[in-house]
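*Asks:* Attaching a single structure in structure tokens format; questions to follow.
The values are calculated or read from the model by the stated rules, or taken from the named source; none is laboratory data. Here the structure is a predicted model, which means the values were calculated and not measured. We place every Cβ from the backbone using ideal geometry, glycine too, and count neighbours over all the protein chains shown.
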Amino acid sequence: MVNAAFEQASDAMIITDAAEKIVRVNRKFTSLTGYEAEEVLGQTPAILRSGKNDPKLFTNVWNAINTTGQWQGEIWNRKKNGRLFVAELTISAIINHHSKASYYLGVYRDITAAKEEQLKKQQQETREAHTFLLNRPAFFQHLSEFCASCGKPANGQGALLLMNLDHFRDINDLYGVSAGDDVLYEAARRLRKSLRDSDIIGRLDGDEFAVIIQGLASESDIAKVTDKILERLTAPYDLGNRKHVTVSCSIGLAPLNGKACQSDTLLRQASQAMRDAKRKGGGKWRRASVEAETESV
């Protein structure tokens with residue numbers, strides 16, 4: 001009866017010996033991971049490791065098992081075909097009459113679909129629908145968190161960039177709203193391409209975008225990044241049917257030099273610098289600092 005329950009369980013199950021060598025798996029394990037029993041017997045569960053888990057995870061797992069006899073949590077794993085999955089894993093020690101763990105039972109419940117749905121919902125709540133950039137509330141939340149930690153030396157140099165496409169309304173008037181949407185989508189794509197994964201990009205309103213840059217070595221590095229953004233945003237946009245438009249862009253930069261800051265102050269400084277750039281004719285960027293006011297040419 002026990003054997004039948006093990007084989008017919010709805011969750012993937014695995015039994016290892018005290019040395020963590022796999023001695024048995026059930027049918028659901030094969031269905032979930034793609035590994036036949038003979039492929040994993042004698043191996044350790046490390047065959048499923050994905051490389052995506054916190055390096056401290058497995059130390060914490062064994063600390064819990066050695067202390068309480070059990071551990072439960074979420075873990076990323078990799079199937080035989082290389083695809084990742086998320087499982088709710090419960091590991092229980094099977095204690096012998098010498099009060100030692102002779103075997104370990106692992107039960108994997110696949111929660112990948114639920115995790116994907118949760119991520120999709122989070123993205124819908126925090127992402128702007130057209131460009132898939134952070135929406136205004138989500139970006140401001142990141143900005144507040146950024147300002148709370150910007151005094152830490154490890155964060156290096158940082159800045160808030162506010163940018164606005166100059167005379168964007170003319171595109172809508174001349175070519176239609178659909179063409180304007182295409183330009184906004186392409187502008188968002190160019191921003192992502194210009195920046196690192198660690199940089200934070202948002203669309204605040206209409207044709208206004210914002211970026212949080214952090215962890216750069218110097219103010220000159222920030223200037224180089226801003227120059228690159230400006231160059232890419234002002235390159236011609238292809239509207240199809242052999243139509244191309246060139247859109248200039250005004251950028252306001254509020255620098256952070258490892259000092260504590262407030263998000264409201266930072267926004268005000270960047271906004272003022274952006275307006276200064278527009279008053280100078282657009283197509284350039286301005287630094288908020290009066291002492292080091294800079295514009296690209």
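*Asks:* In segment 156-177, what count of residues is obtained for those that are assigned to a helix (DSSP H, G or I) and in contact with a Leu (Cβ under 9 Å, 6 or more places away or on another chain)?
*Replies:* Count: 3.
Table: residues versus (1) at pLDDT 90 or above; (2) buried (at least 16 other Cβ atoms within 10 Å of the Cβ); (3) at positive phi; (4) not in a loop (DSSP other than H, G, I, E, B).
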position: ALA129; (1), (2), (3), (4): no, no, no, no
position: PHE146; (1), (2), (3), (4): no, yes, no, yes
position: GLY151; (1), (2), (3), (4): no, no, no, no
position: ALA154; (1), (2), (3), (4): no, no, no, yes
position: GLY180; (1), (2), (3), (4): yes, yes, no, yes
position: ARG192; (1), (2), (3), (4): yes, no, no, yes
position: PHE209; (1), (2), (3), (4): yes, yes, no, yes
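*Asks:* Between ILE95, ILE91, ILE75, which is modelled with pLDDT under 95 and either within 20 Å of ILE22 (Cβ to Cβ) or touching a Gly at 6+ places or on another chain (Cβ under 8 Å) (or both)? Even if it seems obvious, please write down each step before you answer.
*Replies:* Values: ILE91 fails: modelled with pLDDT under 95; ILE75 fails: modelled with pLDDT under 95.
On inspection, the qualifying residue turns out to be ILE95.
*Asks:* Could you check segment 224-237 and list, in sequence order, the residues that are surrounded by fewer than 19 Cβ atoms within 10 Å (Cβ to Cβ), in contact (Cβ under 8 Å) with a residue 24 or more places away in the chain and either of a type in the set (D, E, K, R) or within 21 Å of LEU267 (Cα to Cα) (or both)?
*Replies:* ASP227, LYS228, ARG232
*Asks:* Take segment 28-47 and flag every residue that is in a helix (DSSP H, G or I) and among the acidic types (Asp, Glu).
*Replies:* Once the filter is applied, which keeps residues that are in a helix (DSSP H, G or I) and among the acidic types (Asp, Glu), segment 28-47 yields GLU38, GLU39.
*Asks:* Just checking, does segment 107-129 include any residue being outside the structural domain of GLU20 (by TED's automatic domain parsing), within 30 Å of TYR185 (Cα to Cα), among the basic types (Lys, Arg) and in contact with a Leu (Cβ under 6 Å, 6 or more places away or on another chain)?
*Replies:* No, segment 107-129 contains no residue that is outside the structural domain of GLU20 (by TED's automatic domain parsing), within 30 Å of TYR185 (Cα to Cα), among the basic types (Lys, Arg) and in contact with a Leu (Cβ under 6 Å, 6 or more places away or on another chain).
*Asks:* In this structure, is VAL61 touching a Leu at 6+ places or on another chain (Cβ under 9 Å), at pLDDT 95 or above, within 19 Å of THR16 (Cα to Cα) and in a helix (DSSP H, G or I)?
*Replies:* Yes, satisfied.
*Asks:* Quick one: in segment 85-122, which of the residues that are assigned to a strand (DSSP E or B), small (Gly, Ala, Ser) and over 36 Å from the mean Cα position of the chain (by Cα) is surrounded by the most Cβ atoms within 10 Å (Cβ to Cβ)?
*Replies:* ALA101
*Asks:* Of the residues that make up segment 109-128, is at least one of a type in the set (D, E, K, R), touching a residue at least 60 places away in the same chain (Cβ under 8 Å) and within 30 Å of ASP264 (Cα to Cα)?
*Replies:* Yes, there is a match, as at least one residue in segment 109-128 is of a type in the set (D, E, K, R), touching a residue at least 60 places away in the same chain (Cβ under 8 Å) and within 30 Å of ASP264 (Cα to Cα).
*Asks:* For residues that are touching a residue at least 60 places away in the same chain (Cβ under 8 Å) and among the hydrophobic types (A, V, I, L, M, F, W, C), scanning just segment 10-49, find the one that is farthest from ARG78 (Cα to Cα).
*Replies:* By that ranking, first place goes to ALA18.
*Asks:* I would also like to ask the following. Among the residues of segment 72-84, which ones are of a type in the set (A, V, I, L, M, F, W, C) and exposed (fewer than 14 other Cβ atoms within 10 Å of the Cβ)?
*Replies:* LEU84
*Asks:* Is segment 48-56 home to any residue that is part of a strand (DSSP E or B) and not β-branched (Val, Ile, Thr)?
*Replies:* Yes.
*Asks:* Oh, and also: Looking at the structure I just gave you, is ARG136 at pLDDT 90 or above, closer than 30 Å to ASP207 by Cβ and charged (D, E, K, R)?
*Replies:* Against the criterion (at pLDDT 90 or above, closer than 30 Å to ASP207 by Cβ and charged (D, E, K, R)), ARG136 qualifies.
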